[in-house]
1. Does Asn169 satisfy being crowded, with 16+ Cβ neighbours inside 10 Å, of a type outside the set (Lys, Arg) and within 19 Å of Phe81 (Cβ to Cβ)?
2. Which ones in the stretch 100-137 are among the hydroxyl-bearing types (Ser, Thr, Tyr), touching a residue at least 12 places away in the same chain (Cβ under 8 Å) and surrounded by fewer than 20 Cβ atoms within 10 Å (Cβ to Cβ)?
3. For residues that are at pLDDT 95 or above, out of contact with any His (no Cβ under 8 Å at 6 or more places or on another chain) and of a type in the set (Ser, Thr, Tyr), tally how many sit in the stretch 84-120.
4. Do any residues in the stretch 148-163 that are on the phi < 0 side of the Ramachandran plot have Cβ atoms under 6 Å from those of residues that are modelled with pLDDT of 95 or more, where the two are at least six apart or on different chains, and which pairs are they?
5. Could you check, for the stretch 176-183, whether at least one of its residues is more than 19 Å from Arg91 (Cα to Cα), in contact (Cβ under 8 Å) with a residue 24 or more places away in the chain and part of a strand (DSSP E or B)?
6. For residues that are touching a strand residue (DSSP E or B) at 6+ places or on another chain (Cβ under 7 Å) and part of a loop (DSSP other than H, G, I, E, B), scanning just the stretch 138-159, find the one that is surrounded by the most Cβ atoms within 10 Å (Cβ to Cβ).
7. Take the stretch 89-129 and flag every residue that is assigned to a loop (DSSP other than H, G, I, E, B) and under 24 Å from Arg148 (Cβ atoms).
8. Checking Pro154 against (1) touching a Gly at 6+ places or on another chain (Cβ under 9 Å); (2) under 20 Å from Asp224 (Cβ atoms), which test does it fail?
Amino acid sequence: MNIADYVRRIAQDRTVRLLATARLREPAFRNLLAPKDAAALDEIESATSGRLRAEQGGTDRLHRRELVYGVEDAQFINAAFSSWLPRTLNRFNGPRRGAWYTALELPTCVAEVAFHIERELANISDFHATIDYAEIFASFIGNFVDVRRARPRPAFLNPDPAEGYQAGNLFADFVRAAGHYGIVYQSLRHADGTCLVALVPHAVQSVQQGGVIRLTWTGRSGPDISRPARRP
């Protein structure tokens with residue numbers, strides 16, 4: 001497909017991404033440590049945190065100058081681009097370079113997240129889990145490749161990960177090399193939903209934290225969705 005036919009300048013406010021709250025917490029025992037021991041913990045975190053390593057030296061597919069610095073909640077942006085599954089593809093990224101996946105509406109985001117969790121639950125044959133997610137809002141302005149009306153449907157939008165993800169990674173590399181910020185596409189997990197993937201960190205703007213969403217699986221596919229009570 002000729003991506004020039006699908007490039008569109010967008011100004012999109014308040015997209016939503018879900019981030020497991022366990023990834024937001026400081027180590028529980030940090031406040032119990034003496035200052036010298038806390039410094040040692042920081043050194044260990046630096047050695048094991050993909051985000052910190054990328055901020056300090058980049059990776060073979062992500063230069064540290066691509067990351068963002070000095071802006072509020074930069075850690076969320078940089079973590080998205082320095083986090084990946086070591087031997088597994090996502091639709092538009094693979095090992096050694098992450099991406100910022102988001103949706104225009106919360107139900108779409110929940111459906112996308114639930115799909116991936118349920119793949120893991122199926123692998124262990126146990127559909128019992130409770131996971132809390134924080135809403136992370138972000139805005140975007142710039143040139144994106146909007147493939148929602150592409151016909152015939154591109155191979156990278158095949159619902160089967162085994163069929164679509166390799167093609168999606170090749171397409172994402174092509175979009176990024178052409179200087180575009182990312183891709184807008186129809187959700188494959190939520191009817192009429194719209195997803196957006198930012199392929200470069202500086203495309204992600206005005207990051208804010210929202211509330212907490214709890215997804216609970218009780219022995220079957222399809223999670224129950226709730227908002228846990230706030231602690232007093």
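1. Taking the combined requirement at face value, the residue satisfies it.
2. Selection gives Thr130 alone.
3. Going through the stretch 84-120 one residue at a time, the tally reaches 2.
4. Arg148/Gln186; Ala155/Ala167; Phe156/Gly164; Phe156/Ala167; Phe156/Gly168; Phe156/Phe171; Asn158/Gly164; Pro159/Leu188
5. Scanning the stretch 176-183 turns up no residue that is more than 19 Å from Arg91 (Cα to Cα), in contact (Cβ under 8 Å) with a residue 24 or more places away in the chain and part of a strand (DSSP E or B).
6. Val147
7. Leu89, Asn90, Arg91, Phe92, Asn93, Gly98, Ala99, Leu104, Glu105
8. Among (1) touching a Gly at 6+ places or on another chain (Cβ under 9 Å); (2) under 20 Å from Asp224 (Cβ atoms), Pro154 violates only (2).
The values are calculated or read from the model by the stated rules, or taken from the named source; none is laboratory data. Keep in mind that what you see is a predicted model, and the values were worked out from it rather than measured. Cβ sites come from the backbone with ideal geometry, for glycine too, and all protein chains shown count toward neighbours.
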